[in-house]
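The values are calculated or read from the model by the stated rules, or taken from the named source; none is laboratory data. Just so we're clear, the structure is a prediction, and the values are computed from it rather than from any experiment. Glycine gets a Cβ as well: all are built from the backbone with ideal geometry, and neighbour counts include every protein chain shown.
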Amino acid sequence: MENNIYKCSSPEHKEINAIKFCEECKIYMCNKCDKFHSGLFSTHKAISLDKNSKDIFTDLCKNENHNIKLEYFCKDHNELCCAYCITKIKSKGKGQHSECNICNIEDISDEKAKNLEKNMKSLKELYKSFESSMMELNEIIEKINENKDEIKLNIQKTFTKIRNELNNRENELLLEVDEQFNKKIMNNDLNLLKDRSKLSNKMKCCLEKEKSLRDEMTTDSKNKPSFINECINIEKIINSINNLNQDMEKLNRNMKKIQFVSSEKEIIELIKRYGSIISGKNKEENYSHQEINVSLNDYHPGNLKCIQNICNNCGYGGNCYVYDGICFFISKKDEHVLGYSDANSGSKSIIFYDVNNKNEIKRINNAHNNSIHIIKYYDYSLYDLILSSSCNDDIKLWNYNDCLNIMTISQIFNDSGNGVFSSCIILEKNISYILCVGYYNYIKVYNGIGEHYKNLGQDSEDRRFIDICDLDNRKYIISGGNKGITVYNYPNFDEYYRFLEKNDSTFHNYAKILKANNIYNLIDVGFFNKIKIWDFFGKKLLFCIASNNNYGLGGFITINNRYLILGAENGGIKEFDIEKRILIKCFEEKHTSNVLGIKIIKDKNEKIFLISYGMDQNIFLWEV
């Protein structure tokens, strides 16, 4: 029987749908029976059987042709049964529970009563969770609709711009046609048109004089000079006509040169293909990582100026170094965003700060259970991707736009006790990897869904950083620690080369590959007083630049692939000229402790923003 459809209990009306149920008589009634019943038993309570009648409990079995009182309980199916349900005789829908574990209702009522309180508590928790999920779903749907409207608006704006440009181009071409014809015909060839009219008149005159000229030619006339003059004029007219014909041919050629060339078919095909809706696995991702080099046409070395102290609570907590603990990027909404861990939360939360408007945009509270080592930004197709890792030994990926956790990888170096010191992502269209390093352990590689893929290197090396460098359409994995800088090929993950001098036991904290003077250089800095410049492909040390003290050096950026700006352990920021191999200037007036890193971005107006952060918990904004 279908839900909510009950037949009348009267044998005479058993094929008619019931409209009411009498709780006193325990019977279903059709329209006719209801009228008769209400006249006889006006005090009985009759329940209307509408679309919600499935919630009405009648004490009667709802199975078709049963319609008797429910007196038994099936423990196997957790439902009430009638005598027909448990009968051993199986016929016409009877005996469905004949093989089940059956008991009387009285035997199960106490057990159900005992479980009631626990079940109600569970139901309340489920209801609360369900309501929360529904609210979250509504928010997601709302954001989806907003995103849909935004995409449609962007499409309209784009094609309005295209139409405007097409209209402008049409007007330009129409004007150009007039200009070309005026230039090549009307302006330069007006004399030709005037000459044509004069010559026509002269030719008529000459032809009219033909008989008289012939007569003069046959007679011994005294007007010989006049005759000769007329002959000369005729010759001049003929020459003029020949010149005119040449000019007309030239004009005709010029007219043929002026034409409109249209690649109409190609244009239509281009418009058909123009733009795309990026969705799911079919999207054409265009990934990029934050730059460590910018190019500036008008750059003056040594002209760095601090203009703002953004905060003094960047998440250095206790003995936990924030190795690469801030990110600096331009978001999809054109915000100039600084992301950093909050020391007030024990460096467990991530704050996103708008550098232009000087206010906090959003935050991820309790992003990790312990202090955050790494915060990195990646431009990931439709949204901004944040990578974070901490000394509680896990890595997390976040959608910055919605502050949503996309992926968590836990217990990565659980045998070291020092967590993830550094991590990075290789992003490609069809595959991606997450790489990380810890304390005296392998380089761990995870695939795009967070599964452990393989280990690189050896487990006796204390690595402090790992990153990716793009070079000639190839990627290289760079890692450094107490045994130099190790570079791995990608996608094979085999070792390319280890850049290390003999007897060098110092820590190598940062390294990048840059092109200078048509040579690819690996720049190597760390806890020593020299910057080492290696020939990357030649695999040899080219030269060193002394830092004029014995302090360790921190993360760096470069300008024009020549000027190196990096932090120092004494709280200074140093600028070096790689080509001249000299220290240009040291800026020591702001940080009071180790400068752990430098970040840089260039906005659409070619303006440079530079951020420095250190163990004194300060973040400073610099102007170049």
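If you go through the stretch 387-417 and pick out every residue that is crowded, with 16+ Cβ neighbours inside 10 Å and either part of a strand (DSSP E or B) or modelled with pLDDT under 85 (or both), you end up with 15.
When the stretch 385-417 is filtered for residues that are acidic (Asp, Glu) and either over 13 Å from the mean Cα position of the chain (by Cα) or over 18 Å from SER349 (Cβ atoms) (or both), the ones remaining, listed by number, are ASP393, ASP394, ASP415.
Hey, can you tell me all the residues within the stretch 28-57 that are of a type in the set (Val, Ile, Thr) and modelled with pLDDT under 85?
Result: ILE56, single match.
Quick grid of which residues meet (1) of a type in the set (A, V, I, L, M, F, W, C); (2) touching a residue at least 24 places away in the same chain (Cβ under 8 Å):
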residue: ASP354; (1), (2): no, no
residue: ILE375; (1), (2): yes, yes
residue: LYS396; (1), (2): no, yes
residue: GLY419; (1), (2): no, yes
residue: GLU428; (1), (2): no, yes
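Specify the residue that is nearest to TRP398 (Cα to Cα); the eligible residues are those in the stretch 422-459 that are in a loop (DSSP other than H, G, I, E, B) and touching a Phe, Trp or Tyr at 6+ places or on another chain (Cβ under 6 Å).
Ranking the qualifying residues of the stretch 422-459, first place goes to GLY438.
Among the residues of the stretch 492-512, those identified as farther than 20 Å from PHE421 by Cβ and either crowded, with 19+ Cβ neighbours inside 10 Å or free of Cβ contacts under 8 Å to residues at least 12 places away in the same chain (or both) are ASN492, ASP494, LYS502, ASN503. Taken together, PHE493, PHE528, PHE543 contain a single residue that is outside any strand (DSSP E or B), over 27 Å from TYR613 (Cβ atoms) and of a type in the set (Phe, Trp, Tyr), which is PHE493. All of ILE151, ILE140 fail the test of being at negative phi, of a type in the set (Val, Ile, Thr) and without any contact (Cβ under 8 Å) to a residue 24 or more places away in the chain, apart from ILE140. Checking the structure you have, find out if any residue of the stretch 609-617 is more than 23 Å from VAL355 (Cβ to Cβ), at pLDDT 85 or above and of a type in the set (A, V, I, L, M, F, W, C). Checking the stretch 609-617: not a single residue is more than 23 Å from VAL355 (Cβ to Cβ), at pLDDT 85 or above and of a type in the set (A, V, I, L, M, F, W, C). Of GLY554, GLY526, all but one fail to be within 19 Å of ILE375 (Cα to Cα) and at pLDDT below 85; the exception is GLY554.
Scanning the stretch 556-568 for residues that are touching a residue at least 40 places away in the same chain (Cβ under 8 Å) and either part of a loop (DSSP other than H, G, I, E, B) or of a type in the set (A, V, I, L, M, F, W, C) (or both) yields PHE556, ILE557, ILE559, ASN560, ASN561, ARG562, LEU564, ILE565, LEU566. The single residue among ILE351, ILE375, ILE386 that is within 20 Å of ILE598 (Cβ to Cβ) and either touching a Gly at 6+ places or on another chain (Cβ under 6 Å) or among the acidic types (Asp, Glu) (or both) turns out to be ILE375.
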